[in-house]
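Q: Please see the structure below; I have some questions.
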Amino acid sequence: MQRISRFRMIVFIVIILAMIGVFSLRLYKTQAVVTEESLVAADADSMTYQSTVEAARGNILDRNGNVLVSNRASYNLVIVNFVFFNAPDPNGNLLKVLDLCDELGIQYESHFPVTPDRPYEYTDDNNSAWQENFRKFLADRGYDLDISAPTLMKRLRSEYKIPDDWKQADVYRIIAVRYELELRSIEGVGLENYTLAEDVDAESLAAVMELAVPGVVVENGTVREYNTKYAAHILGYIGPIWSAEADEYREKGYSMNALVGKSGVEQAFEQYLHGSSGLKKTTVSSTGEILNRYYVTEPVPGNNVELSIDISLQAVAEQSLEKVILDLRENGVGRNKEGKDARGGAVVVQLCKTGEILAMASYPTYDISTFNQDYEALSEDEMNPLFNRALTAYPPGSVYKMVTSIAAVDLGGFDPGYIIEDKGLYTYYDSFQPKCHIWSLANPRTHGKINLMQAIAYSCNYYFYEVGRLTYNSYMEKTGENPFDIVAKALGLGEATGIELPEAVGARANAEEKNKQYAGEDAGWFGADVLQAVIGQSLNKFTPLQLACYTSALANKGTRYEATLLSRVVSWDYQDLIEEHTPTVASTLEISEKALAALDQGMRMTGSIGTAEQYLKDYPIAIACKTGTPQRSEGYYVGSTYKHYTNTMMIAYGPAEDPQIAIGIVVEYGGGGARAGNLVVDIANAYFAMQDGTLNEDGTIGKQETAADSTSVDQTAPAQTETGADAAADTATDPAAGTTDAAQETAPAGQDVLDN
């Protein structure tokens, strides 16, 4: 091992002691601003300058006080421009520093937009902020904005007085760093002293400081630290200010070097997490030695944000979602073997009576702690792990049938006990004849004579075609309004949820929406559109979050709360309450007791005897649920038969007798809706374990010796041999809708009507 010099050891010890002192109370990030205006005093031997101090960001915690995101003390190599350039031989000094950084493995960054090798070319980096800074640099020097890269390099080498005998690689490094230094002195750029390297270890700092290069100093800083591998899409990340944001943040008093929230909670709650900058004065000698340093105004750290999520439940949601998807890829039947594998998915868990989100998982996901290093690979991944599927709209399929049921009973006057005979092929229209999902020409099975509750449990499309058509026609005749649109809107489908993150709003299938998307003979709203819409196809598209809110509204007998990720905001020292979430009613729908009783019975029967029987029949707590298998527009051939890919959809609430949580699920290309049943079981197990304190931080339940100890319910996925409705859905043929001789009866292009 290389022996450390006595001087370096002394420097090392001094730095460590200084660090301990600085960070004993609070972590601060200090960034020096040195301009002529900031110089307070100067003489032959010293000078004093002012510097801004960026406050540490607030922590992010879950609802139980677990710290998910915090700050770690770090130390940065900073070049104080005024001192550096007033010392002899700035190029030589800079080269010594850069060479040592390379030797020690210290990474430094430059945004100089020129490639390092001849022939020089401009890079394709169009980050708006740095691109704008480069234009300001050219203008400040009086260069043409269209100057070529080789010409620019030649001029800068000359003006920076870089010796002719230097290696080209060294020339480039000097120009790149001096470019960064020069930017800091240009009016309007707003950048502070150049931070050459961030988060440098103490021994490396000591080695660099041993060089005694004037103007190179150590500044304390903070690094955002992520203490969980879960909730990446919720937490989000921070990054530099972009030029499009510069004016806004400048007005708020931000330095242009500040890191701000770019996505997720980091962005949504920026106003709380970002603190107030302070002001510091530093006196340095002519050799760059710091003689005195003190705060004029101390920075105020950001507030702490406590989220509504439970990180243990979030862990279960992410783990179970991944397992369900990977199991489908490995053991899938029907479409999964013949066509595409199950891909991504999402699950949202909401507290019914408050609107708070307990968990919101999206698969695939990523590690937020290595986001910067992994960004290029993540952005190029065809599975798009950066994409938050929980806030993306999908056709809902049969989970929409609760809307149709409420409208039929309360607006159409249907009695839930009214019997309709499922004849398999729905032949009311000549040219558009959809079918029940268990019927095919080769196997013409039907559900027989059934009522509303049975139709919900078995997801009988034929039943809903009939009651949907009759309800729509009668209500339209009386009021001129779409009854399903009224109910769907009141229950939050196709509406903003109130969540603090950017979300898709989706769309409800109605005449207005169709006329937005189609023109000419494809426009208009006809009988076939109604049949499609009432089983959750057509233009219906809702997010998993909306489905969870919708399910909460059903559980609440028509009351829907705004969705939120915020529990409360407290001061940086946890002493003061800044803000606390208050449940807010977003909408209400008056649902008759008759309709509510039918929904409750039908959704319970779905898990006991219906499409989700194989997963929930033996669950010890009653869970109300509904499955859906919406078709996608694309498909594949099995022999000469064309089949559509389908998504897996499922909603659930429980306990059924006193609903506490609501769940919305989607699995892309997952096949039958019941295939999400294991996910519902896992989440229910975890939630009830939360209540009795046996849910562990890693998502395990109770004792951790064996999987059997984690739950009283068998969570093993049932064998992937499907029976009943789900199997039939995978083998049914397409509806007889191949002709277009009656436009008013023809389904929209790319749509089909197979669902369960």
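Bear in mind these aren't lab numbers, they're just calculated from the coordinates by the rules spelled out. Since the structure is predicted, the reported quantities are computational estimates derived from the model, not experimental observations. Here Cβ is always computed from backbone atoms with ideal geometry, including for glycine, and neighbour counts include all displayed protein chains.
Q: When only Cα pairs under 8 Å and 6 or more residues apart are kept, what is the percent relative contact order across the stretch 311-745?
A: 24
Q: Work out how much length Asp170 to Glu481 would gain on full extension: take 0.36 nm times their residue separation and subtract the Cα-Cα distance, in nm to one decimal. Don't jump to the answer; show the numbers that get you there.
A: Values: separation 311, 0.36 × 311 = 111.96 nm, distance 7.41 nm.
104.6 nm is the gain from fully extending Asp170 to Glu481.
Q: Could you give me the ³J(HN,Hα) list for the stretch 553-565, computed from phi with Karplus coefficients 6.51, -1.76, 1.60 and θ = phi - 60°, whole Hz, x at Gly and Pro?
A: Karplus-based 3J(HN,Hα) across the stretch 553-565 equals 4, 4, 5, 8, 6, x, 9, 10, 9, 4, 6, 8, 9 Hz.
Q: List the residues of the stretch 617-660 whose backbone N lies under 16 Å from a point placed 7 Å from the Cα of Asp692 along the Cα-to-Cβ direction.
A: Label zone hits: 619-622, 655.
Q: Taking amide H positions as placed in the peptide plane 1.01 Å from N, state which residues far from Ser587 in sequence (5 or more) or on other chains have amide H under 5 Å from it.
A: Arg560
Q: Let me ask something additional. What's the center-to-center distance, using Cα atoms, between the stretch 244-270 and the stretch 564-640 in Å?
A: 35
Q: Any idea how far apart Thr588 and Asp367 come out in nm if each label point goes 7 Å out from Cα toward Cβ?
A: Taking the two extended label points, one gets 5.0 nm.
Q: Cα-based Rg of the stretch 133-212 per 2.2 N^0.38 Å, rounded to two decimals? Can you show the working numbers first?
A: Numbers: Rg = 15.2 Å, N = 80, 2.2 N^0.38 = 11.6 Å.
So the stretch 133-212 has a normalised radius of gyration of 1.31.
Q: Quote to one decimal, in nm, the extra length available between Lys229 and Glu159 on full extension: 0.36 nm per residue of separation minus the C-alpha distance between them.
A: On the way: separation 70, 0.36 × 70 = 25.20 nm, distance 4.90 nm.
The Lys229-Glu159 span can extend by a further 20.3 nm.
Q: Is the shape of the stretch 392-480 best called rounded, prolate or oblate, per the rule: a/c under 1.5 gives rounded, else a/b larger than b/c gives prolate, else oblate, with a ≥ b ≥ c the square roots of the Cα gyration tensor eigenvalues?
A: rounded
Q: Regarding the stretch 558-664, what's the average projected area of the Cα-atom convex hull, expressed in nm²?
A: The directionally averaged projection comes out at 12.2 nm².
Q: Pulled fully out, how much extra length does the chain show between Leu291 and Gln131, if you take 0.36 nm times their separation in residues and subtract their Cα-Cα distance?
A: Values: separation 160, 0.36 × 160 = 57.60 nm, distance 3.75 nm.
So the extension gain works out to 53.9 nm.
Q: Could you sort 174-180, 77-83, 222-228 so that the peptide with the highest average Cβ count within 10 Å comes first and the rest follow in order? Before the final figure, lay out the partial values.
A: Details: 174-180: 21.3, 77-83: 23.4, 222-228: 18.1.
Ranked from most to least packed, the peptides come out as 77-83, 174-180, 222-228.
Q: Can you give me the pair-distance distribution of the stretch 159-279, C-alpha pairs, 10 Å bins, whole percents?
A: For the stretch 159-279, the pair-distance distribution reads 10, 30, 33, 21, 6, 1.
Q: Starting from the Cα of Ala597, step 7 Å along the direction of its Cβ; do the same at Val67; then give the gap between the two resulting points in nm.
A: 5.5
Q: Given R₀ = 51 Å, what would the calculated FRET efficiency be for Leu326 paired with Asp45, taking r from the Cβ atoms and rounding to 0.05?
A: For Leu326 and Asp45, the calculated efficiency is 0.15.
Q: Show which lysines lie in cross-link reach of Lys167 when reach means a straight Cα distance below 22 angstrom and same-chain residues fewer than eight apart are skipped.
A: Lys96, Lys154
Q: Could I ask something else about it? Work out, in µm²/s and without decimals, the Stokes-Einstein translational diffusion coefficient of the stretch 311-745 at 4 °C, 1.567 mPa s, Rh from Kirkwood over C-alpha pairs.
A: 59
Q: If you don't mind, another one. Given the peptides 155-167, 637-649, 427-439, 102-114, arrange them by the average over their residues of other C-beta atoms within 10 Å, most packed first.
A: 427-439, 637-649, 102-114, 155-167
Q: Taking θ = phi - 60°, what integer Hz values does the Karplus form 6.51 cos²θ - 1.76 cosθ + 1.60 yield along the stretch 169-178, in sequence order, with x for Gly and Pro?
A: 4, 5, 4, 4, 4, 5, 4, 4, 6, 5
Q: Something else about it: For the stretch 201-213, what does the Karplus curve 6.51 cos²θ - 1.76 cosθ + 1.60, with θ = phi - 60°, yield as ³J(HN,Hα) per residue in whole Hz, taken in order and with x for Gly and Pro?
A: Going residue by residue, I get 5, 4, 5, 5, 4, 4, 5, 5, 5, 5, 5, 6, 7 Hz, with x marking Gly and Pro.
Q: Okay, moving on. Order these peptides, 514-527, 84-97, by their mean beta-carbon neighbour count within 10 angstrom, highest first. Don't skip to the answer; put the middle values down first.
A: Numbers: 514-527: 13.4, 84-97: 17.3.
Highest mean packing first, the order is 84-97, 514-527.
Q: May I ask which of Lys229/Lys280; Lys262/Lys541; Lys478/Lys541; Lys262/Lys643; Lys136/Lys281 have a Cα-Cα span longer than 31 Å here?
A: Violating the 31 Å Cα-Cα cut-off are Lys229/Lys280; Lys262/Lys643.
Q: Can you list the residues, at least 5 places off or on another chain, whose amide H is less than 5 Å from the amide H of Asp422, using H built in the peptide plane?
A: His447, Gly448, Lys449, Ile450
Q: Can you sort Cys549, Cys352, Cys460 by how many other beta carbons sit within 10 Å, fewest first?
A: With the sparsest Cβ surroundings first, the list reads Cys352, Cys460, Cys549.
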